[in-house]
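Asks: Sending over a structure as structure tokens; questions will come in a sec.
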Amino acid sequence: TGNWQTLMLNQQHYWDKPPLQHWAIAASYRLFGPSPWATRFPVALASMFTILLTLFVGKRLIGFRAAWLASLCLLLSIGFLLVSRYTTRDASLTTAVTAAMLYGLLSIRAGFSRHLAGISSLAIGLGVLIKGPVIIALCLPSLLAAHWLSKPYRQHQRHRNQWAWWVMPGLLVAAPWYLMTSISSPEFVIEFLWKHNVVRFAEGFNHERPFYYYLLGIFLFMFPVSYLFPSLVKFLTSRRLANRKFRSRETGWLLLSAAWILLFFSISTTKLPTYIVPAFPLIALLLGVFLEQKVLLNPEPRKTFLDQLVTRAPFELPAWCLLIGIIGVLVY
């Protein structure tokens, strides 16, 4: 229709989601013409940017080698590759969440950095235009917890205006469209902000699944990287000094952030496999730390569970593929 403010579906207002991804697809049509390739291009571009964020921003948190391994793990996750071909908003939301979390954690580690906090806020604003306020619920609790755990609050008193840098860039990006749409179409507030965010989360009027749904879903959607999950859990929870000395403050922040995203979507009664994709880059970074410390730099001479991977994998991976295929046919 040429109306870039309000999305339409079958001549009706479409209030399910904000318009940013549709704007990107429309711009792609202007450049390349309407086609399936042009439709998928913005989503694929967002996923490529997620990989670059994982590598080049992640290296500032955990080092280049671990971030490189994390990027490889992300590329090997079948769910991430599939979502990168769909025109759902999960891949684009993953890019925004990854940028917001990584730049936010870097700002916290620095004691407070204006430009890093501004980039994090800008990413949250873009995420609000991609899929709505859900990105605030995914990022804000983890960033607040990391801020509280990082240093005593009195050491941050000199940055009295720091929260403006966390709020204003994102607000300036997202607020204009929400205000204009609420004024021109008052029903938008009820249909989108209330029904498709609050009610859908609490009551699950579609796609209802049990609480434990993502315990199986994350293993299937991150396969074959999820093959390393038992070893990763052991590495992150072990009290042995050999494991504890490799777990840094940044590793704890990443674990906290990934766990919160999984818990948030598990609490919601509405569940789809793609919803948990924003946690994948954070989990991949944890895997990068684990692989660097326990495989590349492993000082232990004895055989561990992971050391036997090369021997076990040729027999276990085909069995897992068969099992996952059967489950996929029966469940989905």
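The values are calculated or read from the model by the stated rules, or taken from the named source; none is laboratory data. Here the structure is a predicted model, which is why all the values come from computation and not from measurement. Positions of Cβ are generated from backbone atoms using ideal geometry, with glycine treated the same way; all protein chains shown enter the neighbour counts. Accessible surface is based on the protein model in full, side chains and every heavy atom, while ligands, DNA and RNA are left aside. Shrake-Rupley method; radii C 1.70, N 1.55, O 1.52, S 1.80 Å.
Asks: Can you tell me which residues in region 250-279 are at pLDDT below 90 and open to solvent by 40 Å² or more (accessible area, probe 1.4 Å)?
Replies: Ile267, Thr269, Leu272
Asks: Okay, moving on. Need pairs with beta-carbon distance below 8 Å; first residue open to solvent by less than 10 Å² (accessible area, probe 1.4 Å) and within region 132-154, second part of a helix (DSSP H, G or I) and at pLDDT below 90; sequence gap 6+ or separate chains.
Replies: Gly132/Phe192; Gly132/Leu193; Gly132/His196; Gly132/Asn197
Asks: Quick check on region 21-44. Is at least one of its residues in contact with a His (Cβ under 7 Å, 6 or more places away or on another chain) and either under 19 Å from Ser182 (Cα atoms) or not in a loop (DSSP other than H, G, I, E, B) (or both)?
Replies: No.
Asks: Restricting to region 1-49, name every residue that is free of Cβ contacts under 8 Å to residues at least 24 places away in the same chain and polar (S, T, N, Q).
Replies: Those that are free of Cβ contacts under 8 Å to residues at least 24 places away in the same chain and polar (S, T, N, Q): Thr1, Asn3, Asn10, Gln11, Gln12, Ser28, Ser35.
Asks: Could you please give the count of residues in region 72-92 that are part of a helix (DSSP H, G or I) and either surrounded by fewer than 23 Cβ atoms within 10 Å (Cβ to Cβ) or not small (Gly, Ala, Ser) (or both)?
Replies: 12
Asks: Related question: Does any residue in region 109-127 that is surrounded by fewer than 18 Cβ atoms within 10 Å (Cβ to Cβ) come within less than 6 Å, Cβ to Cβ, of a residue that is aliphatic (A, V, I, L, M) six or more places away or on a different chain, and which pairs are these?
Replies: Once the first residue is surrounded by fewer than 18 Cβ atoms within 10 Å (Cβ to Cβ) and sits in region 109-127, no partner that is aliphatic (A, V, I, L, M) comes close enough.
Asks: How many of the residues making up region 167-191 are open to solvent by 40 Å² or more (accessible area, probe 1.4 Å) and either on the phi > 0 side of the Ramachandran plot or not charged (D, E, K, R) (or both)?
Replies: So the answer is 13.
Asks: Can you tell me which of Ala284, Ala242 is assigned to a helix (DSSP H, G or I) and at pLDDT 80 or above?
Replies: It is Ala284.
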